[in-house]
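What follows is a short report on a single structure.
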Amino acid sequence: MSKFLEISQLVKTFPTPKGPLTVVRDFDLGVKKGEFITLIGHSGCGKSTVLSMVAGLTESSSGGIILAGKEVVGAGPDRGVVFQAPCLLPWFTAFENVMLGVDQAYYTASKLERRQIAEYYLTIVGLGDAMDKRPGELSQGMRQRCGIARAFALSPKMLLLDEPFGMLDSLTKYELQDVLLDLWQRDQKTALMVTHDVDEALYLSDRVVMMTDGPEATVGDILEINFPRPRTRKQLLEDPEYYRLREYLLHFLNERSHHRPARVNQAAPVLVNA
C-alpha cells in the first residue's frame, strides 16, 4: 500500500556559536492513510522538530516530506496542528476562535453552513455549553478541547499533535484522549502525535516510532500496536500483551535510545513476541 505521508532522509541542522548542530539526521518514516502514529523519545531528542517540519513551520535542512502525493512546502490548511498550549485569541470566544479557521477552509460555504461546522466540533469535544466563553473563562482542559475542535473543523488531510495533553492533570488527560480518539475514528484522519508518555502511546497508536537521543536523532525502532479498536483502558490493562509492549518501550527508552542504529528497516516494523 502506498504511503499517505512519506518522510525521507530528513535532516535539520541549526547554527550555533560553536558551529552547526544537527538535531535530526536521516529520519525516514512512511505512514498509511488513517493511521495513528506516535513519536516517543526523551526530551530534546527532536520529536517536536520532526513534527514542526511536517507541519511546515520549520524548514528542513535536507530530505523530503510528501503528503498525499504533494511535497510539503510551508504551512497549510491541509495539516491541522494542536500544540501543548492552544494558541487561542483571548478577545475571541471559543466559537469565534474555531470560526477563524472554518471561514478560511470553507470560504465557498454559506454562513449558516460554516456556523454549523464550528458548533458541531465544539459540541463533540464537550464545549456545547461554553462556546460563547473567552479563553480566560475556560480551564486549561477546556482550552485544549477548543484547540482540538479547531484542528478537526478545518477538515485537514492530516492531524499533527505536539504533546497536546502534557500540561493537563491525569483525569483531564484521560478524558481528552478519549475525545481525541472519538473524533479521529469519526473522521478517519491520519494522525502524527508527539508524546513522552508510554501509556498514552500504547493507548492511542497503531504504531509507536521510537527516536534515539540527540543530537543527530533518528528512528531507533518501530513498534506495532495491534489492540483492536475501539479501545478501552480496562481492556488494555487486562491484556498481558499490554505489559509486554510497555516493557519493550521502557527498555528502549532506558537502554537503547542513546545508540544510533546502523540501519532501520522501515518495511518490517518490530513486533514483540509473547
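Based on the alpha-carbon set only, what is the convex hull volume of the stretch 71-156 divided per residue, in Å³? Before the final figure, lay out the partial values.
Details: hull volume 8.1 nm³, N = 86.
Cα convex hull per residue, to the nearest whole number: 94 Å³.
Angle, helix 140-153 long axis vs. longest principal axis of the chain, Cα atoms, 0 to 90°, nearest 10?
For 140-153 against the chain, the angle is about 90 degrees.
What's the angle, to the nearest 10 degrees (0 to 90), between helix 170-187's Cα axis and the longest principal axis of the chain?
Approximately 80 degrees, to the nearest 10.
What ranking do LEU237, LEU154, LEU21 get, fewest neighbouring Cβ atoms within 10 angstrom at the top?
On the way: LEU237 10, LEU154 21, LEU21 13.
Lowest count first: LEU237, LEU21, LEU154.
Arrange the following residues from fewest to most other Cβ atoms within 10 Å of their Cβ: THR13, THR38.
Numbers: THR13 17, THR38 26.
Placing the least packed residue first, the sequence is THR13, THR38.
Answer with one residue from THR212, ALA151, TYR243: the one whose Cα lies farthest towards the positive end of the charge dipole of the chain, charges on Cβ with Lys, Arg +1 and Asp, Glu -1.
ALA151
When the dipole is taken about the Cα centre of the stretch 1-150, and only Lys, Arg (+1) and Asp, Glu (-1) are charged at their Cβ, what size is it in debye, to the nearest 20? The partial results should precede the final answer.
Values: 17 positive and 14 negative charges, 40 e Å.
Dipole magnitude for the stretch 1-150 comes out near 200 debye.
Dipole magnitude of the stretch 112-161 about its Cα centre, charges +1 at Lys/Arg Cβ and -1 at Asp/Glu Cβ only, in debye to the nearest 20?
On the way: 8 positive and 5 negative charges, 42 e Å.
Roughly 200 debye, rounded to the nearest 20.
Fewest Cβ neighbours within 10 Å first, please rank LYS32, LYS189 accordingly. Walk me through the intermediate numbers first.
Numbers: LYS32 14, LYS189 20.
Lowest to highest Cβ neighbour count: LYS32, LYS189.
Mind putting a number on the dipole of the chain about its Cα centre? Charges go on the C-beta only, +1 for Lys and Arg and -1 for Asp and Glu, and I need it in Debye to the nearest 20. Present the calculation step by step, with values, prior to reporting the outcome.
Numbers: 31 positive and 34 negative charges, 92 e Å.
The calculation lands at about 440 debye.
Provide, as a two-decimal number, the C-alpha radius of gyration of the stretch 110-224 over 2.2 N^0.38 Å, N being how many residues it has. Don't skip to the end; give the middle numbers.
Values: Rg = 15.8 Å, N = 115, 2.2 N^0.38 = 13.4 Å.
Normalised Rg, Cα atoms only: 1.18.
Quick check on packing: order 42-53, 89-100 by the mean number of other C-beta atoms within 10 Å, highest mean leading.
Numbers: 42-53: 20.9, 89-100: 18.1.
Answer by packing, highest mean first, reads 42-53, 89-100.
Just going by the charge dipole of the chain, with Lys and Arg at +1 and Asp and Glu at -1 on Cβ, which of SER48, GLN9, MET193 is farthest out on the positive end?
Farthest towards the positive pole: GLN9.
List the extent of the Cα atoms of the stretch 39-117 along each of their three principal axes, largest first, rounded to whole Å.
That works out to 43, 30, 18 Å along the principal axes.
Compute the length gained on full extension between ASP28 and LEU171: take 0.36 nm times their separation in residues and subtract their Cα-Cα distance, giving the result in nm to one decimal. Walk me through the intermediate numbers first.
On the way: separation 143, 0.36 × 143 = 51.48 nm, distance 3.47 nm.
So the chain would gain 48.0 nm between ASP28 and LEU171.
Divide, for the chain, the radius of gyration over alpha carbons by 2.2 N^0.38 Å, where N is the residue count. Display every interim value, and only then the final one.
Numbers: Rg = 18.9 Å, N = 274, 2.2 N^0.38 = 18.6 Å.
The chain yields a ratio of 1.02.
Each reported figure results from applying straightforward, stated rules to the coordinates on display, with no laboratory input. Predicted, not measured: the structure shown is a model, and the values here were computed from it. So basically every Cβ, Gly included, is an ideal-geometry build from the backbone, and we count neighbours across all protein chains shown.
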